[in-house]
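J.: My structure is below; once you've seen it, I'll send some questions.
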Amino acid sequence: LNFWDTAHAKTFDEAKFDKSRFDWNDWLMYQRLRLGKTRDEAVSVHNKLIGQTGDFWTPDGLSVWSPTSELLEYCDKQENWNNSSYVISLAFGGRRVVFGGDAEKPAWDSIESAYDESALKCDVLKAAHHGRKSGYSETAVEKMSPSIVVCSVGKKPETDAAAEYRSHGARVLSTRYHGTIRMVIWEDGEVWVYDRASTQIAALPPL
């Protein structure tokens, strides 16, 4: 078992969970996982930073784009941990998918400073922060230039950034309308995208 988490310093006390939709016991279990423990066996804890490689994810085309140690420090000082979120890139069949986590502008700025424009190009972007404007960076999206943007969200947020993503020429797909979105990437670079009813809703041609 492998447990991935960033090395943040976020803390809560039990009173924070009074009248909350979240459960104190879930937080306690999360703390156990961070120490490498479950009820029955130990787990391997991975606190990876940008650019770090490893035997069981690098050969699969996965790379860590964020966070950096500086971002983690910044988040702990601000007591706002969205920018401590992982941003992960998946490369396969000549295509690239970027999973934006909860990254906001400081994280995207950090990524832009670490990679040149050609390295940032992607075909599919899983929009950060459920498609909210807080997870949108105009310059980063311009450089990534995704053909498809997927927003994982139950209802339209007040600060929805779908129009901003479309302004870059991307097709925006939302779980709000399509339910679970599934994507198949073939070795020749062809991409098929399906909705919850297994109806094809988008595609990219072979390379």
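J.: For the stretch 48-87, enumerate the residues that are within 12 Å of A107 (Cβ to Cβ), out of contact with any Gly (no Cβ under 9 Å at 6 or more places or on another chain) and among the hydrophobic types (A, V, I, L, M, F, W, C).
T.: Within the stretch 48-87, I50, L71, L72, C75, W81 qualify.
J.: Here is a further query. Between A119, A91, A170, A107, which is touching a strand residue (DSSP E or B) at 6+ places or on another chain (Cβ under 6 Å), among the hydrophobic types (A, V, I, L, M, F, W, C) and farther than 21 Å from C75 by Cβ?
T.: Numbers: A119 fails: touching a strand residue (DSSP E or B) at 6+ places or on another chain (Cβ under 6 Å); A91 fails: touching a strand residue (DSSP E or B) at 6+ places or on another chain (Cβ under 6 Å); A107 fails: farther than 21 Å from C75 by Cβ.
It is A170.
J.: Which of the numbered conditions does K126 fail, given that it passes all the others? Conditions: (1) of a type in the set (K, R); (2) over 20 Å from W4 (Cα atoms); (3) in contact with a Phe, Trp or Tyr (Cβ under 9 Å, 6 or more places away or on another chain).
T.: Of the numbered conditions (1) of a type in the set (K, R); (2) over 20 Å from W4 (Cα atoms); (3) in contact with a Phe, Trp or Tyr (Cβ under 9 Å, 6 or more places away or on another chain), the odd one out for K126 is (2).
J.: Now for a separate question. Report the residue count in the stretch 166-204 for those that are assigned to a strand (DSSP E or B) and either open to solvent by 80 Å² or more (accessible area, probe 1.4 Å) or of a type outside the set (S, T, N, Q) (or both).
T.: 16
J.: Does A114 count as crowded, with 21+ Cβ neighbours inside 10 Å and modelled with pLDDT of 95 or more?
T.: no
J.: OK, next. Residues T6, T11, T38: which one is modelled with pLDDT under 90 and not charged (D, E, K, R)?
T.: T38
J.: Which residue is farthest from V45 (Cα to Cα), if the candidates are limited to the stretch 6-34 and must be in a helix (DSSP H, G or I) and open to solvent by 80 Å² or more (accessible area, probe 1.4 Å)?
T.: Step one: of the stretch 6-34, the residues in a helix (DSSP H, G or I) are 14-17, 24-34.
Of the ones still in play, those that are also open to solvent by 80 Å² or more (accessible area, probe 1.4 Å) are 14, 16, 25-26, 32.
Working: E14: 24, K16: 26, N25: 20, D26: 18, R32: 11 Å.
Selected residue: K16.
J.: Here is a further query. With respect to L207, determine if the residue is at pLDDT 95 or above, surrounded by 15 or more Cβ atoms within 10 Å (Cβ to Cβ) and either of a type in the set (V, I, T) or in contact with a strand residue (DSSP E or B) (Cβ under 8 Å, 6 or more places away or on another chain) (or both).
T.: no
J.: Residues in the stretch 145-162 that are touching a residue at least 24 places away in the same chain (Cβ under 8 Å) and within 14 Å of the chain's Cα centre (by Cα): how many?
T.: Filtering the stretch 145-162 down to residues touching a residue at least 24 places away in the same chain (Cβ under 8 Å) leaves 145-152, 157, 159-162.
The next check asks that each one be within 14 Å of the chain's Cα centre (by Cα); those that pass are 149-152.
Number of matching residues: 4.
J.: If you check every pair at least six apart or on different chains, which have Cβ atoms under 7 Å apart with a residue in the stretch 111-138 that is under 19 Å from S85 (Cα atoms) first and a residue that is among the polar types (S, T, N, Q) and assigned to a helix (DSSP H, G or I) second?
T.: From residues that are under 19 Å from S85 (Cα atoms), the pairs are E112/T139; H129/N82.
J.: Now a separate question. Could you tell me whether E70 is loosely packed, with under 14 Cβ neighbours inside 10 Å, touching a residue at least 40 places away in the same chain (Cβ under 8 Å) and out of contact with any helix residue (DSSP H, G or I) (no Cβ under 8 Å at 6 or more places or on another chain)?
T.: Criteria not met by E70.
J.: Sticking with this one: Any idea which of E142, E79, E117 is in contact with a Lys or Arg (Cβ under 6 Å, 6 or more places away or on another chain) and of a type in the set (D, E)?
T.: Checking each option against the conditions leaves just E117.
The values are calculated or read from the model by the stated rules, or taken from the named source; none is laboratory data. Bear in mind that the values here come from a model prediction, so they are computed numbers and not experimental data. Methodologically, a virtual Cβ is constructed for each residue, glycine included, from the backbone with ideal geometry; neighbour enumeration extends over all protein chains shown. Surface accessibility is based on the protein's heavy atoms, side chains included, excluding ligands, DNA and RNA. Shrake-Rupley method; radii C 1.70, N 1.55, O 1.52, S 1.80 Å.
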